[in-house]
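Accompanying notes for the structure given below.
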Amino acid sequence: MRSDSIKEGLARAPHRSLLKADGFTDEELDRPLVAVVSSQNEIIPGHIHLQTIADAVKAGVRMAGGTPVQMTTIGVCDGIAMNHEGMRYSLTSREVIADSVECAVQGHQFDAMVLIPSCDKVVPGMLIAACRLNIPTILISGGPMLAGEDKCGNQTDLNTLFDAVGQVTAGTMDEADLKFFEETACPTCGSCSGMFTANSIACLSEGLGIALPGNGTIPAVYSERVRLAKHAGMKIMELVEKDIKALDIINAAAIHNGMALDMAFGGSTNTMLHLTAISHAAGCPVTLEDWDKICSQIPNITRIAPAGSLHIQDLNKVGGVPPQ
């Protein structure tokens with residue numbers, strides 16, 4: 001095992017002593033060590049529940065005979081960071097996330113990892129790290145937020161607030177209506193409910209093959225999301241046993257599959273930025289000409305918000321990303 005470099009042999013007695021200071025037993029150290037890398041925090045609604053997902057992943061790893069070890073990385077909420085000095089830090093955070101995951105996992109020589117991101121720069125940042133590290137890897141995101149509803153039963157989301165601010169400024173909506181949307185448009189934890197960047201990349205992770213079916217669309221608040229996390233924990237041990245690494249999955253064919261999927265579901269325009277970066281990290285770079293070719297070949301078949309009135313929960317109801 002890769003982790004033998006921190007736990008086997010006479011010279012590793014100090015290492016084992018430090019691991020035992022964490023509470024690990026000899027029996028646990030005899031098993032593959034699986035990094036469970038979460039971006040859990042208490043500022044981003046897509047991340048606030050990620051400890052529940054991490055606990056489920058760890059349960060799955062243990063059920064399948066591994067030893068899970070949890071660690072965390074940072075996240076920046078694009079919505080909260082918008083329209084002030086903080087917006088300069090959002091894209092930068094993607095590289096910090098990729099670097100931090102690489103440092104922690106490589107520094108401790110884990111045998112495998114399960115990535116638990118949510119929100120715009122965290123999902124691609126973790127995928128870039130997966131390509132750099134090239135060890136057995138699965139991604140299980142926190143899942144999308146449920147949409148809100150207006151007084152007529154129409155679905156609302158974060159964009160509703162941005163539009164409403166403009167309407168109040170223009171004098172076509174009063175502040176009482178704005179307050180109603182403020183209280184109701186983001187009703188649960190999870191990444192914002194439309195086909196924005198976080199949900200787009202989470203769906204693309206399925207197309208890349210690095211995430212289990214349902215990863216991109218099962219709502220954050222559904223128990224099905226917790227069960228999916230347990231299955232991800234179990235599946236990573238199968239990848240360890242078969243020695244299937246990240247770049248065995250994220251290859252040129254997978255990247256082009258992701259590009260085609262992006263066109264079909266009409267993902268965030270930021271997916272071109274992030275998937276191109278992931279392709280470079282995977283050693284199979286794509287160009288703007290490749291994107292142009294895919295755009296001309298693949299029809300757009302969905303209109304998920306902000307392109308239409310439907311949300312990720314509606315895509316989930318009809319089967320999500322996998323062909324049905």
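The values are calculated or read from the model by the stated rules, or taken from the named source; none is laboratory data. Computed from a predicted structure; not experimentally measured. Positions of Cβ are generated from backbone atoms using ideal geometry, with glycine treated the same way; all protein chains shown enter the neighbour counts. Note: accessible area is taken over every heavy atom of the protein model, side chains too, but ligands, DNA and RNA are not part of it. Shrake-Rupley method; radii C 1.70, N 1.55, O 1.52, S 1.80 Å.
Yes or no: region 112-132 includes at least one residue that is farther than 22 Å from Ala254 by Cβ, more than 16 Å from the chain's Cα centre (by Cα) and touching a residue at least 60 places away in the same chain (Cβ under 8 Å). No, because not a single residue in region 112-132 is farther than 22 Å from Ala254 by Cβ, more than 16 Å from the chain's Cα centre (by Cα) and touching a residue at least 60 places away in the same chain (Cβ under 8 Å).
Taking residues in region 254-282 that are closer than 22 Å to Arg132 by Cβ and in contact (Cβ under 8 Å) with a residue 12 or more places away in the chain, and partners anywhere that are part of a helix (DSSP H, G or I) and aromatic (Phe, Trp, Tyr), the pairs with Cβ atoms closer than 6 Å and at least 6 places apart or on different chains are Met272/Trp291. Could you look through region 62-94, keep only residues that are among the basic types (Lys, Arg) and over 21 Å from the mean Cα position of the chain (by Cα), and pick out the one that is nearest to Ile138 (Cα to Cα)? Ranking the qualifying residues of region 62-94, first place goes to Arg62. If you go through region 71-109 and keep only what is of a type in the set (Lys, Arg) and either more than 24 Å from Phe196 (Cα to Cα) or in contact (Cβ under 8 Å) with a residue 24 or more places away in the chain (or both), you end up with just Arg94. Close Cβ contacts (under 8 Å, 6 or more residues apart or on different chains) running from residues in region 309-324 that are modelled with pLDDT under 95 to residues that are in a helix (DSSP H, G or I) and open to solvent by 90 Å² or more (accessible area, probe 1.4 Å) are absent.
Any residue at all in region 292-300 that is within 24 Å of Cys119 (Cα to Cα) and either touching a Lys or Arg at 6+ places or on another chain (Cβ under 8 Å) or open to solvent by less than 20 Å² (accessible area, probe 1.4 Å) (or both)? No, region 292-300 contains no residue that is within 24 Å of Cys119 (Cα to Cα) and either touching a Lys or Arg at 6+ places or on another chain (Cβ under 8 Å) or open to solvent by less than 20 Å² (accessible area, probe 1.4 Å) (or both).
Residues that are closer than 30 Å to Gly207 by Cβ and either without any contact (Cβ under 8 Å) to a residue 40 or more places away in the chain or open to solvent by 10 Å² or more (accessible area, probe 1.4 Å) (or both): does region 139-147 have at least one? Within region 139-147, one or more residues are closer than 30 Å to Gly207 by Cβ and either without any contact (Cβ under 8 Å) to a residue 40 or more places away in the chain or open to solvent by 10 Å² or more (accessible area, probe 1.4 Å) (or both). For region 188-231, a tally of residues being touching an Asp or Glu at 6+ places or on another chain (Cβ under 7 Å), hydrophobic (A, V, I, L, M, F, W, C) and open to solvent by less than 30 Å² (accessible area, probe 1.4 Å) returns 3. Scanning region 162-177 for residues being open to solvent by 30 Å² or more (accessible area, probe 1.4 Å) and under 21 Å from Gly308 (Cα atoms) gives a total of 5. In region 208-234, the residues that are without any contact (Cβ under 8 Å) to a residue 12 or more places away in the chain reach residues that are of a type in the set (Val, Ile, Thr) with C-beta atoms within less than 8 angstrom, at least six apart or across chains, in these pairs: Glu224/Ile218. Can you find, within region 7-52, the residue that is nearest to Thr137 (Cα to Cα) among those that are among the β-branched types (Val, Ile, Thr) and either without any contact (Cβ under 8 Å) to a residue 40 or more places away in the chain or open to solvent by 50 Å² or more (accessible area, probe 1.4 Å) (or both)? Checked region 7-52; the qualifying residue nearest to Thr137 (Cα to Cα) is Thr52.
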